């Protein structure tokens, strides 16, 4: 690495430090890198469907049909369809590039989202609406994974690899900012404008943010391709010369060929076969069930208390705390295993959800505890993304990060579906127990992943 692309604290034209060499805020350093502001902001806007569409479906269907099971099941169908195709899109992005694939898929996505919104508006039959929800889900991909891949590429290019944990924490904070405004906006539009109006806003956000994002070429990671080379025959003149007695580089040449062969085989490995990946995905599936369970349960609690107008604010408290946690986590580097960090934060999150349930009915105390519980959320996401980054090779990074996103998406779908069924057969108080149960069940898999990686190391 040359001095022009030196690490933080060095003086160079990439703007990572002040001329005096004085350390700057890590977030100021990130945004001093050309192009980062643009792809970070547009990627954030394009992620608004992440926080609005699933909840928007639940709010719309519950308002129109007054049935929690149907609302939860349709939201789950949409999310499961999204989860099924996310790894496929990720492989296409890694193979052909973000811009080439993204422009085409984004156009289809916008058409599908508009189709579902208008179908719900005119109240088409439930089976047709289910089908349209699935089709809409099949057009979704992980914008978060694309943004995180760009961060990895840009930071590596500018010699700031040590800033990756800060960048991933920032992305977790952005996710939570999206989740702060998304539920508030969805609940407000559903209650004050029209039960279906909240489905059109994420469509517009995805169209605008996605179009800008894919237009940014300077920060787009290059396509990494594996090249297969046919080995020369033993009677080839150059091969005979290299293997001739006394040839100084003969062994080195053979070693290099073996290394190249091994490297080519490594690129063909499935992401799921790397040590610790499966436990990591199970953690994200199970603990993400808690968030849609919390959103759905809190919606029912507020409705039972006739406080629908403050639902958005109540949902936002958890995300607000997570945003604060992300900024704090990204400003410092924790020592020790990433897996250990996840276990610690998941344990604290479990306790927080238990206290929230115990305080049900006292909105002020609940809001305060939600903020405190939210402090643990983003560090779990950031740690998980860093585990994946450290586990899979660079050419499979988008696919690896998309698997993390997919696991979260699958968990969210199960959470909304299970909670919807619980609400139709029990009280909102019972359903509000589901978040801490889900998080608690994820901890053993984090411990398993930690043990597997320690044994490997």
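Each reported figure results from applying straightforward, stated rules to the coordinates on display, with no laboratory input. The structure presented is a predicted model; accordingly, all values stated were derived computationally and were not measured. Quick reminder, even Gly has a Cβ in these numbers, built from the backbone with ideal geometry, and neighbours come from all protein chains shown.
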Fully extended contour minus Cα-Cα distance, from residue 425 to residue 65, at 0.36 nm per residue: 127.9 nm
Taking r as the C-beta separation of residue 108 and residue 334 and R0 as 51 Å, the FRET efficiency to the nearest 0.05 is 0.80
The ratio Rg/Rh over the Cα atoms of segment 110-160, Rh being the Kirkwood inverse mean 1/r radius, stands at 1.35
How much length is gained on full extension from residue 128 to residue 218, taking 0.36 nm per residue of separation minus their Cα-Cα distance? 28.2 nm
For 37, 335, what's the fewest-to-most ordering of other Cβ within 10 Å of each Cβ? 335, 37
At q = 0.18, 0.20, 0.24 Å⁻¹, what log₁₀ I(q)/I(0) does segment 352-444 have when each alpha carbon counts as one equal point scatterer in the Debye sum? -0.94, -1.06, -1.26
Return the tail of the calculated pair distribution for segment 86-135, meaning the percent of Cα-Cα pairs more than 17 Å apart. 46
Rg and Dmax of segment 92-192, Cα atoms, in Å? 17.8, 56
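Applying 1/(1 + (r/R0)^6) with R0 = 25 Å to the Cβ-Cβ distance of residue 365 and residue 441, what FRET efficiency is obtained, to the nearest 0.05?
0.45
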